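The values are calculated or read from the model by the stated rules, or taken from the named source; none is laboratory data. As the structure is a prediction and not an experimental result, all values here were calculated from the model. So basically every Cβ, Gly included, is an ideal-geometry build from the backbone, and we count neighbours across all protein chains shown.
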Amino acid sequence: MQAMLKVFVPVTARRKSTSSAIFTELLQLKLRSRLQSPQAIEDVRQETFARVFSVLRKDGGLRQPERLGAFVNQICNHVLFEHYVPPASAGRSIRKGGPSRPPRVPMPWTS
C-alpha cells in the first residue's frame with residue numbers, strides 16, 4: 001500500500017494524471033449515478049482530486065495509507081454534499097434579514 005501511496009502523490013503533471021487514473025473510473029461511476037450534467041461530474045471529480053492531493057502533499061497527510069480508497073471516496077462524498085447544498089449567505093440568519101418568526105400566541109393553559 002505504501003507503493004500505491006507513493007504513486008498517488010504527484011510530483012509532475014504527468015504523474016498527477018497517472019495517479020488520478022487509479023480512481024477516475026470508480027468516481028465516474030459514482031458521480032454518473034448522482035449527477036446528470038457532464039460538467040457537474042467533471043467539476044466534482046476535479047475538486048475531489050484537488051482536495052486529495054492537497055492532503056497528501058502535507059507532512060503526515062494520510063495517517064493510514066491502506067485506507068486510501070476510502071479516503072478518496074469520503075472526500076468525494078463531502079464535495080457532492082457541498083455541490084447539492086450551496087453555502088449559506090454570509091451573515092444571514094433568521095434574526096438578521098431572514099424570514100420573521102410568526103407572533104407568539106399564548107396558549108389558554110399557560111396564562
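Table: residues versus (1) among the acidic types (Asp, Glu); (2) touching a strand residue (DSSP E or B) at 6+ places or on another chain (Cβ under 7 Å); (3) in a helix (DSSP H, G or I); (4) modelled with pLDDT of 95 or more.
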| position | (1), (2), (3), (4) |
| --- | --- |
| ALA50 | no, no, yes, no |
| LEU56 | no, no, yes, no |
| GLY60 | no, no, no, no |
| ARG63 | no, no, no, no |
| ARG67 | no, no, yes, no |
| PHE71 | no, no, yes, no |
| GLU82 | yes, no, yes, no |
_Matching residues in segment 38-54 - criterion: being surrounded by 12 or more Cβ atoms within 10 Å (Cβ to Cβ) and farther than 18 Å from ALA21 by Cα_ = ALA40
_Residue count, segment 41-67 (criterion: among the acidic types (Asp, Glu) and within 18 Å of HIS83 (Cβ to Cβ))_ = 3
*asked:* Restricting to segment 35-44, count the residues that are under 15 Å from GLN74 (Cβ atoms) and of a type outside the set (Val, Ile, Thr).
replied: 0
